[in-house]
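Visitor: If you scroll down you'll find the structure; I have some questions about it.
FYI, it's all coordinate maths here, none of it is from the lab. Just so it is clear, the model here is predicted, and its values are computed rather than measured. Neighbour counts run over all protein chains shown; Cβ positions are idealised from the backbone, glycine included.
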Amino acid sequence: MEETTVRESRKITCGGKEYIERCAEILTRLFVHDPVMMWLMCDTGVPRSQEMHRARYAFYLAIFRAAAMNKGRFLEINDFASCALVMPPGEKADNPWTMIQAGIISALWTVGFGGMKRVLFEYADTCHHMLPKVFNKEEQENHWYIIIIGTELDRRRKGLASDILGYIKDLARKDGRPVWIESTTETSRDLYVKNGFTELDDVVVLGQGKVGSDGIPKKNGEGVTIRCLYWRP
């Protein structure tokens with residue numbers, strides 16, 4: 001599955017399972033200091049250790065495989081200078097059956113019981129409960145969900161991620177569905193707002209009392225803040 005479009009002379013391609021390994025390799029590297037990933041895997045040791053890198057890569061592979069099995073779309077621009085994963089309306093990457101087929105159990109095993117609990121319950125459930133604040137019942141089940149988006153460090157501030165977001169908004173505009181995304185850093189939040197997304201007033205705080213804002217274990221830590229945003233056509 002591959003579609004190609006051009007936004008301002010930049011090539012965007014859309015693919016399926018054939019993009020999984022390339023996106024997993026790139027995003028594992030780009031999100032090495034992401035607060036949520038640090039929180040999810042805070043039991044696996046030193047943040048930049050090979051053990052944590054392998055655990056993170058295995059986790060991404062499993063999530064991406066499950067997403068591809070449920071019609072998830074991988075987008076890339078300029079030979080993967082920036083890439084993203086988006087789920088179309090009515091489809092979910094956390095379908096239990098396909099997650100098992102995708103190898104999520106073995107991937108989560110590498111992050112320990114605490115990591116499994118954080119992935120399967122705390123993160124997904126907490127963010128999901130934010131949807132009714134802005135979406136009606138039909139929209140809660142049928143919206144475009146941007147799971148992840150990232151740009152190579154030396155290619156940032158060139159509008160590549162904005163082009164991908166524009167592509168996703170075009171898809172949403174065609175079927176009249178809203179778009180949902182979660183931000184784990186101030187930089188990403190600012191990018192989404194610049195591209196027309198509206199930030200919810202309420203925020204999600206994970207790991208409060210156990211980790212700092214960077215997701216690393218910290219006694220009485222302030223926790224990791226997640227900001228939820230949406231866009232309507």
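Visitor: Across segment 149-233, how large is the tail of the calculated P(r) beyond 20 Å, expressed as a percent of all Cα pairs?
Guide: That tail contains 44 percent of the Cα-Cα pairs.
Visitor: Between Leu153 and Glu122, what is the spin-label point distance in nm, taking each point 7 Å from the Cα along the Cα→C-beta axis?
Guide: According to this spin-label approximation, the distance is 2.8 nm.
Visitor: Still on this structure, please answer the following. Which entries of Lys17/Lys117; Lys92/Lys158; Lys169/Lys194; Lys92/Lys218 have Cα-Cα distances beyond 21 Å here?
Guide: Check vs 21 Å cut-off fails for Lys17/Lys117; Lys92/Lys158; Lys92/Lys218.
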